[in-house]
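Down below is the structure, laid out as C-alpha cells.
Read-outs throughout are calculated quantities, based only on the coordinates presented, and are distinct from any laboratory measurement. The structure displayed is predicted, hence computed values, not measured ones.
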Amino acid sequence: MPELLNLKQWQNQVRIALAHVPIITRIHALEAVNSTNDYARKLAQNGAPAGTLVIAREQSAGRGRLDRIWESPANLGLWFSLVLHPKISAQHSGLLGFLPAIALVEVLHQIYQITAGTKWPNDVWINRKKIAGILCESQVNARQVVFAVIGMGINIYQKLEDFPEFLRPRATSIQQSTPLRVDAFELLKQLLTLWGDLLWTLESGLTAMIIEHWKKHCVHMQQPIWITGGPEQFRGKFVDLSPDGAAIIENDHGERKRIFVGESILLEE
Ligand code: BT5
C-alpha cells in the first residue's frame, strides 16, 4: 500500500510508472504542497516545458473551482497537475478539461470494469457520487492558449469515514467501487497515456470526436438539471454539449441556452 512507502520509494514508483508515458517530460514528486496547481503554475510562468507533472502525496490547500476546498489527504488519492502548451485555438481551450475526465472513465472501465461517467463540466462520477474533479487554469492570448495547468484530484483509497461528514453522501473512491486491489501508479500511467492520445486528437482538430466521447459517458444526457454557480442560473434538460464545451440546456418551452460556466446539479425525474 502506498502509505507504507517512504518518500524516496514513492518517488521511484512514480518515475518508473511514468517512464514511458509520451506526454510526460518532467516530474516533480513532492511529499506535501499547498496546491499542485499553484506549484505548477509558477513553473509554467517560469518556462516549464509542456508535459511537466507536479504530483504530491498530500495537499494542505487543495483547490476546487471558485476557490472551493478540495480534500486531499495523504496517500489516499492522486493529486497532480500537468503543464501543457496545447496547440489549439483559444476558442477550444474550454475542451482541455474534458480530456482527463474522458480518460479516467475509459481507464476505469478497461482496468477494473468500473462504470463511471462524466458530469458537466469536469467531474467524474460513480453511482451519483464524485470520485474526481478537474481544475483548468489556462493563460490564453487573443488567438491561442499560451499554457494550461490542468489539475486533477482522484479519490483512490478513501473509506467512507475518511471523508468529512458533509461529503459522505456525495463523494466516493475507486477502491470502494471494486473488489480488485487498486494500483494508483498503474492507474496514473494508463490515464496519462490515454490523456496524451486525446490531446493529440484535439490538437489535430478532431474536436467533434472529443465531444462525442464525452457525451457517450455523460451521466445526465437528456436529464433534468440545474446549472448554477455561474453568471446565470438555468433549469432544464441537458440536451447537448456544444463544439466549444458549453452545456446546452432546454427549458419546458423548448428554448435552448448555451452555458459556459457553472456547476450542474442533477434533479430527480
Ligand atoms: C473540482 O472543483 O472538482 C476540481 C478539483 C481539482 C482538485 C485538484 S487536486 C490537484 C490540483 N491541485 C489543486 O489545488 N486542485 C487540483 P469543484 O467542481 O469546485 O468541486 C469542489 C467541491 O467538491 C467542494 O466544494 C466539495 O463539495 C467537493 N469535494 C471536495 N473535496 C472532494 C473530494 N476529495 N472528493 C469529492 N468531492 C470533493
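Provide, in order from the shortest bin, the percent of all Cα-Cα pairs of the range 182-269 in each 5 Å bin, continuing until the bin that contains the maximum pair distance.
In whole percents, the pair-distance histogram is 3, 13, 19, 19, 14, 13, 12, 5, 1, 0.
Between their Cα atoms, which of Lys119/Lys257; Lys87/Lys130; Lys8/Lys129 are more than 27 Å away from each other?
Working: Lys119/Lys257 18 Å; Lys87/Lys130 30 Å; Lys8/Lys129 34 Å.
Those over the limit are Lys87/Lys130; Lys8/Lys129.
On a 0 to 90° scale, report how tilted helix 98-112 is relative to the longest principal axis of the chain, with both axes built from alpha carbons and the result rounded to the nearest 10.
60 degrees
Wrap a convex hull around the Cα atoms of the range 115-266, take a quarter of its surface area, and give that in square nanometres.
10.7 nm²
Give the whole-number value, in cubic angstrom per residue, of the convex hull volume spanned by the C-alpha atoms of the range 122-170.
Enclosed volume per residue, from the Cα hull, is 100 Å³.
In whole Å, what three semi-axes, largest first, describe the equivalent ellipsoid of the chain built from its Cα gyration tensor (square root of 5 times each eigenvalue)?
For the chain, the semi-axes come out at 28, 23, 17 Å.
Can you check what the Kirkwood hydrodynamic radius comes to for the range 29-112, Cα pairs only, in Å to one decimal?
Answer for the range 29-112: a Kirkwood hydrodynamic radius of 14.2 Å.
Express in nm, to one decimal, how much length is gained between Val140 and His85 on full extension, taking 0.36 nm for each residue of separation and deducting their alpha carbon distance.
18.8 nm
Quick query: amide H of Val146 versus all other amide H atoms, modeled in the peptide plane; which residues come in under 5 Å with a sequence gap of 5 or more or a different chain?
Residues meeting the criterion, in which the H sits 1.01 Å from N, are Gln139, Val140, Asn141.
Using alpha-carbon pairs under 8 Å, 6+ residues apart, how would you state the relative contact order of the range 211-268 in percent? Could the numbers behind the result be given before it?
Details: 108 pairs, mean separation 19.7, N = 58.
The normalised contact order for the range 211-268 reaches 34 percent.
Relative contact order of the chain: what whole-number percent is it, with Cα pairs under 8 angstrom and at least 6 residues apart?
16 percent
Between 0 and 90 degrees, rounded to the nearest ten: what's the tilt of helix 184-203 against the longest Cα principal axis of the chain?
Taking Cα atoms only, the helix is inclined about 50 degrees.
With a bin width of 10 angstrom, please list the P(r) values of the range 219-269 as percents of all Cα-Cα pairs, from the 0 bin to the one holding the largest distance.
All Cα pairs considered, the percentages come to 29, 62, 8.
Alpha carbon centre of the range 42-116 versus the range 190-269: separation in Å?
Comparing the Cα centres of the range 42-116 and the range 190-269, I get a distance of 18 Å.
For the range 37-195, what is the convex hull (Cα atoms) projected area averaged across all directions, in square nanometres?
9.1 nm²
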